[in-house]
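Notes to accompany the following structure.
The values are calculated or read from the model by the stated rules, or taken from the named source; none is laboratory data. If you're wondering where the values come from, they're calculated on a predicted model, not measured in any experiment. A quick note on method: Cβ atoms are made from the backbone with ideal geometry, for glycine too, and the neighbour counts reach across all protein chains shown.
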Amino acid sequence: MKSTHLSAVGVAKKKFSFSGVLCLFWVLLIFGGIGHVMGVAPMMKTIMATAHDLLLNTCLFLMAVCVLTGALGRILVEFGVVSMLQRILQPVMKPVFNLPGVASLGAVMTFLSDNPAIITISKDKEFARYFKKFQFISLTNFGTAFGMGLLVIIYMVSLGYIVEPLIGFAGAVTGCVVSTRCMQSFILRSHPDYRDLEAADEVCREIEKTEEAGTDSEESLFTRILNAVLDGGKKGVEVGLSIIPGVLVISTLVMILTFGPGPDGYDGSAYQGVEFLPWIAGKVNFVFEWLFGFQDPHLIGFPITALGAVGAALSLLPKFISEGWIDSNAVCVFTAIGMCWSGYLSTHTAMLDSMGYRNLTSKAILAHTIGGLVAAVVAHLLALLIL
């Protein structure tokens, strides 16, 4: 027994040592390569400056979005809008997305704000009780495909494009269907029991309120509104805090691999980088020209940046326009992939973590990668047909 125990400990130590060496290898390879290009001191300053700026200007903004959408979502639940949407949209949502009609509320909320809005309203038990568990988890993909949609479309319109954003929106909806369906398929393959399990616990159903019950006085109506706003806003704060680690860690890495040096070289400012991802894309630009109709390899910078933050991706467009790289087809594709991806690489981990399904993150990312590519291809084909 003693020898068996010692041999087991020895095997565990070997596994531990191997994993430690492998981890150290990748850390040195990634940051050693970045430090070789940027310099170690500027690299460290850039990482800290980028993370700090993301915390102040992105994470706190997203927290504000979560608070507001949480409050609004709770009001809609309190006064029966959720149940109304369920009854009206069920015939459409079920065959297309395999989701209950009430999921359309999540699409509206994320379209008007950002990805985490879907998680804010999913925390409400009145909303969750309409879903099976596999459907509930796929809300991450469903809501993300509409994230910041209004902002993307308005920005494209402000640049003088009217029809192109609408074509891109159609592509994004197609990508959303593919992403949501793929995620549901992945979940059921690994967890077939999720098909019949309810997303909300039976205990949670006991808090159901009578939505059709009227109120006899303005004071009771005011109290209901106040309680709904405060309860929803509180949940929004919790969700906002939970997404901070994912945004800071993943977005900072994506940014530093995407952007290049500043006007004065590497001085440690935020959002500088080594342009590694665009360099790779340039090597296989023929693929993107065939799939997306891109006429210039620089255009691949938009979808790559949209992986981390669609707002940062939109900031690239003035440069593309001034250089003459962009055309109507590119605007269609940018709108589709910008909406559908909308920074999913930096938010999916945090969103699934806040829902309690961190182990399914890789499946969600794979499904949404497929959905975004489909959205871009469909937008390109529609642009060829319509424009």
Note to self: Can you tell me which residue is modelled with the lowest pLDDT among those in region 136-162 that are touching a helix residue (DSSP H, G or I) at 6+ places or on another chain (Cβ under 7 Å), surrounded by fewer than 24 Cβ atoms within 10 Å (Cβ to Cβ) and part of a helix (DSSP H, G or I)?
What the structure shows: Leu150
Note to self: I'm trying to understand the selection: among the residues of region 369-387, which are in a helix (DSSP H, G or I) and over 25 Å from Thr347 (Cβ atoms)?
What the structure shows: His380, Leu381, Leu382, Ala383, Leu384, Leu385, Ile386
Check: What number of residues within region 213-271 satisfy the criterion of being at pLDDT below 80, surrounded by 18 or more Cβ atoms within 10 Å (Cβ to Cβ) and under 17 Å from Glu78 (Cα atoms)?
Finding: 3
Check: Which numbered condition trips up Ile386, out of (1) under 21 Å from Leu159 (Cα atoms); (2) free of Cβ contacts under 8 Å to residues at least 60 places away in the same chain?
Finding: (2)
Notebook entry, point to check: Consider Met48 against the criteria (1) more than 20 Å from the chain's Cα centre (by Cα); (2) assigned to a helix (DSSP H, G or I); (3) surrounded by 17 or more Cβ atoms within 10 Å (Cβ to Cβ): it satisfies all of them except one. Which criterion is unmet?
Noted result: (3)
Check: Which is touching a Lys or Arg at 6+ places or on another chain (Cβ under 6 Å) and part of a helix (DSSP H, G or I), of Leu352, Leu345, Leu277, Leu366?
Finding: Leu352
Next item on the list: Considering (1) at pLDDT 90 or above; (2) over 25 Å from Val378 (Cβ atoms), say which one Pro95 fails and leave the rest.
Entry: (2)
Item checked: Output for region 290-313, where each listed residue is touching a helix residue (DSSP H, G or I) at 6+ places or on another chain (Cβ under 8 Å), in a helix (DSSP H, G or I), of a type in the set (A, V, I, L, M, F, W, C) and under 22 Å from Leu387 (Cα atoms) -> Leu291, Phe292, Leu299, Ile300, Phe302
Next item on the list: Filter region 254-268 for residues that are of a type in the set (Ser, Thr, Tyr) and part of a loop (DSSP other than H, G, I, E, B) and give the result.
Entry: Tyr266
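Please return the ranges of helices (runs of 4 or more DSSP H) entirely within region 92-131 where 2 or more residues are buried (at least 20 other Cβ atoms within 10 Å of the Cβ), in contact with a helix residue (DSSP H, G or I) (Cβ under 8 Å, 6 or more places away or on another chain) and touching a residue at least 60 places away in the same chain (Cβ under 8 Å).
Values: elements: 103-112, 117-122, 125-128.
Counting at least 2 such residues, we get 117-122, 125-128.
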Margin query: For region 316-328: of the residues being within 26 Å of the chain's Cα centre (by Cα), surrounded by 13 or more Cβ atoms within 10 Å (Cβ to Cβ) and not β-branched (Val, Ile, Thr), which is modelled with the lowest pLDDT?
Written below: Leu316
Item checked: Among residues of region 54-89, those that are farther than 20 Å from Leu112 by Cβ, in a helix (DSSP H, G or I) and either in contact with a Ser or Thr (Cβ under 8 Å, 6 or more places away or on another chain) or modelled with pLDDT of 75 or more (or both), counted -> 4
Notebook entry, point to check: Between a first residue in region 322-342 that is more than 24 Å from Val177 (Cβ to Cβ) and a second residue that is surrounded by fewer than 24 Cβ atoms within 10 Å (Cβ to Cβ), which pairs have beta carbons less than 6 Å apart while being 6 or more apart in sequence or on different chains?
Noted result: Trp325/Asp296; Trp325/His298; Ile326/Phe320; Ser328/Leu387
Next item on the list: Output the number of residues of region 272-315 satisfying the condition of being β-branched (Val, Ile, Thr) and either crowded, with 20+ Cβ neighbours inside 10 Å or within 30 Å of Ser113 (Cβ to Cβ) (or both).
Entry: 5
Notebook entry, point to check: Within region 19-63, can you find the residues that are hydroxyl-bearing (Ser, Thr, Tyr) and touching a residue at least 60 places away in the same chain (Cβ under 8 Å)?
Noted result: Thr46, Thr50, Thr58
Note to self: If I ask for residues that are surrounded by 19 or more Cβ atoms within 10 Å (Cβ to Cβ) and either at pLDDT below 85 or of a type in the set (Lys, Arg) (or both), which ones from region 358-387 would you list?
What the structure shows: Lys363
